[in-house]
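These notes concern the structure reproduced below.
Each value in this text was obtained by applying a stated rule to the coordinates, not by laboratory testing. None of these values were measured; they are calculated from a predicted model. Cβ sites come from the backbone with ideal geometry, for glycine too, and all protein chains shown count toward neighbours.
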Amino acid sequence: MTGKIERSIEELYADDPERADAVVFGRRADVNRRGFLGGAGLAAVGATVGGTIPFAHNMPAGLMPAALAQAQPAAPAAPAAPKGPTYLNYPGKSDKLVVIGERPLVAETPESLLDDDTTPIDKFYVRCNGQIPEAAKEPDKWKIVIDGEVNKPLELTLGELKAKYKAQTRRMVLECGGNGRSFFTPRASGNQWTNGGAGCAEWTGIRLADVLKTAGIKPSGIYTAHYAADLHLSGDPSKPTLSRGVRIAKAMDPDSMIVWAMNGQPLPNIHGGPVRLVYPGWAGSTSQKWLTKITIRDKEHDGPGMTGTSYRVTIKPMVPGDKADPKNFKILESMPVRSIITSPAHGTKIPAGTREVKLRGASWAGDHTVSRVDVSIDFGQTWMPAQLGKPKNRYDWQRWTASLKVPTDGYYEIWARAMDSRGVMQPHVAPFWNPSGYGGNPMHRVAILIG
Ligand SMILES: Nc1nc2c(c(=O)[nH]1)N[C@H]1C(S)=C(S)[C@@H](COP(=O)(O)O)O[C@H]1N2
Ligand SMILES: [Mo]
């Protein structure tokens with residue numbers, strides 16, 4: 001590589017993609033089509049990514065090669081990566097989860113760890129906003145209050161909930177509202193998730209609607225407000241850590257649940273045990289952990305996480321990086337369509353002579369289903385449909401498989417993009433920039449090296 005890297009390669013690509021290309025690929029910035037690469041230039045590219053690039057002529061200019069993305073832990077060649085990721089060390093959790101925040105604790109799951117039909121508990125991402133409470137000693141005595149705009153306020157123990165209502169089990173995706181935030185340019189504030197702020201677990205519990213029907217929502221009740229037992233980071237007991245809510249219609253959805261078990265196990269403390277909410281398809285922050293109270297309100301809830309630009313997206317596109325106009329924001333509800341390649345892992349080295357690569361992945365689309373997944377191995381020149389599986393139940397993710405022919409040894413990027421049931425497809429780059437970085441769902445790219 002020629003040139004001196006004075007900033008991280010990601011910053012350089014964000015600020016000045018042409019110059020970044022020139023630095024990485026060792027050629028003049030005015031030759032702005034990688035397709036014109038030849039001789040020394042091509043050799044420099046190969047040295048950078050670790051092998052020749054059979055589809056170099058298709059490489060879009062100014063697009064950072066996936067092999068160099070430092071957000072990815074195991075790139076085959078990452079010359080500018082400053083320091084590696086910090087891995088989680090927490091009882092019951094995989095030490096391959098990547099810590100993206102320590103106080104509060106936030107850890108994501110590398111895409112290649114999401115290769116199971118049902119995400120095992122140890123691989124499931126963790127997102128806390130406050131202090132993690134101590135595990136309940138007598139889970140069945142845990143109390144939940146339903147009050148506000150209801151005819152009959154309730155106080156029920158978890159034991160009573162289990163005894164009085166019909167239980168159901170659903171395999172459903174839980175996804176952090178900020179999943180994909182790291183893909184925004186300029187950088188959006190908050191935890192820098194790649195695609196790993198999501199998982200798909202078997203949740204057992206009851207329909208929230210059944211309990212709300214017992215309480216009887218008054219005609220004035222239009223929104224929920226959720227409260228929990230986790231202490232604010234400051235330690236001030238009068239400050240809720242996070243208190244979000246949903247429109248009554250979502251609360252009455254038969255798949256919106258109060259749950260006490262995950263993958264057949266009592267709900268682990270770190271995931272909100274003994275009891276939490278799960279609102280599948282919507283920003284994970286609505287799925288209150290350590291649930292103590294639901295207040296039905298006669299207006300949109302305004303607790304921490306409901307105001308300003310948090311969990312809000314733009315109504316009309318704004319200039320990336322500009323100051324936000326609060327009037328241009330609406331609450332983020334359904335999550336956008338996303339697909340991930342779960343095998344091979346980013347940075348996989350495959351033996352020389354291999355001419356077929358088998359792919360596996362997952363896809364989901366908030367309140368919608370996924371209608372198709374396409375994959376490309378030539379920088380998006382041609383696309384091939386993947387075999388898309390069916391969800392087990394509503395809100396389950398859809399696994400997919402594909403098999404790609406590769407012409408020669410070398411460096412390849414596998415790209416995957418999904419389309420939802422409305423025809424909305426994952427874009428090339430994170431769309432609709434917003435200051436807190438919601439809706440970052442660009443197509444997933446994985447670098448592999450054959451030979
Ligand atoms: N009480 C409480 N509930 C919470 C949170 C929290 O900090 N406190 N974090 C929310 C957010 S932002 C997400 S994405 C999910 C994460 O759930 P998990 O840690 O089980 O993956 O829980 C939500 N529920
Ligand atoms: Mo979240």
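For this structure, a couple of remarks:
- For the chain, size of Cβ-based charge dipole, Lys and Arg +1, Asp and Glu -1, in debye: 640
- Residue exposure sequence - 400, 383 - by fewest surrounding Cβ within 10 Å: 383, 400
- Least to most buried among 368, 271 (fewest other Cβ within 10 Å first): 368, 271
- Extension gain, residue 11 to residue 381: 0.36 nm times the residue separation minus the Cα-Cα distance gives 130.5 nm.
- Sorted by Cβ neighbour density within 10 Å, fewest at the top, the residues 182, 371, 112: 371, 112, 182
- For the chain, the longest principal axis of the alpha carbon atoms and the long axis of helix 39-49 meet at an angle near 30°.
- Listed residue (313, 94, 57) projecting farthest to the positive dipole end of the chain, Cβ model: 313
- Applying 1/(1 + (r/R0)^6) with R0 = 22 Å to the Cβ-Cβ distance of residue 247 and residue 292 gives a FRET efficiency near 0.55.
- Cα gyration tensor, segment 128-195 - rounded (a/c under 1.5), prolate or oblate: prolate
- Between the residues 214, 401, 272, the greatest Cα displacement towards the positive end of the dipole of the chain, with unit charges on the Cβ of Lys, Arg, Asp and Glu, is found for 214.
- Residue-wise HN-Hα coupling along segment 415-427, computed from phi with Karplus coefficients 6.51, -1.76, 1.60 (Hz; x: Gly, Pro): 10, 9, 9, 10, 10, 8, 5, 8, x, 8, 10, 4, x
- Estimated inter-spin distance, residue 102 and residue 322, nm [label 7 Å along Cα→Cβ]: 3.8
- Per-residue 3J(HN,Hα) values for segment 235-242, derived from phi via the Karplus relation 6.51 cos²θ - 1.76 cosθ + 1.60 with θ = phi - 60°, read x, 7, x, 7, 9, x, 5, 8 Hz in sequence order (x marks Gly and Pro).
- Modelled FRET efficiency - R0 41 Å, residue 44 with residue 390, Cβ distances, 0.05 increments: 0.35
- Secondary-structure-derived ellipticity at 222 nm for the chain, considering helices only, amounts to -2500 deg cm²/dmol, per-run term -39500 (n - 2.57) for DSSP H runs with n ≥ 4.
- Modelled this way, with points 7 Å down the Cα-to-C-beta line, the labels at residue 132 and residue 163 are 3.2 nm from one another.
- A simple charge model with +1 on the Cβ of Lys and Arg, -1 on the Cβ of Asp and Glu and nothing else charged puts the dipole of segment 134-187 at about 300 debye relative to its Cα centre.
- Longest DSSP-loop-exposure-free segment, GluC sites (Glu not before Pro), the chain, at most 12 other Cβ within 10 Å: 135-451
- Scanning the chain for trypsin sites (Lys or Arg not before Pro) lying in DSSP loops with no more than 13 further Cβ atoms inside 10 Å, the longest uninterrupted stretch between such sites is 167-298.
- Cα gyration tensor shape of segment 200-284, rounded if a/c is under 1.5, else prolate or oblate by comparing a/b with b/c: oblate
- Rounded FRET efficiency, nearest 0.05, which uses the C-beta distance separating residue 233 from residue 58 and R0 of 45 Å: 0.40
- Given charges at Cβ of Lys, Arg, Asp, Glu: segment 121-331 dipole, positive-most of 248, 174, 294: 248
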